[in-house]
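The values are calculated or read from the model by the stated rules, or taken from the named source; none is laboratory data. Because the structure is a prediction, the values reported are computed rather than measured. A quick note on method: Cβ atoms are made from the backbone with ideal geometry, for glycine too, and the neighbour counts reach across all protein chains shown.
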Amino acid sequence: MDEDFELNTSIRVLRAIIVTSMSIFQSLLSFLALPASKSKSTKWLRVEKLMHICENNLENFNELRATLEVAWTPHL
């Protein structure tokens with residue numbers, strides 16, 4: 001029973017990591033794909049948005065890590 005819970009938790013964490021990685025990668029590609037003629041302010045707005053996404057993803061990752069630590073801690 002504990003093994004199933006740990007496996008399910010691990011799968012959820014891996015899925016969340018994949019979604020987070022894809023989101024960051026997509027944002028980075030969007031930023032890099034902007035034409036050179038775009039103003040610098042537009043690019044900096046994109047950078048700011050990307051940083052905000054990364055901060056949110058870091059918070060989510062920390063929550064998932066805490067959940068994993070609880071799930072993998074031996075229950076006495």
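Restricting the stretch 3-62 to residues that are of a type in the set (S, T, N, Q) and over 19 Å from the mean Cα position of the chain (by Cα), the residue that is surrounded by the most Cβ atoms within 10 Å (Cβ to Cβ) is THR42. Report yes if LYS49 is closer than 27 Å to ARG65 by Cβ and modelled with pLDDT under 85, otherwise no. Yes.
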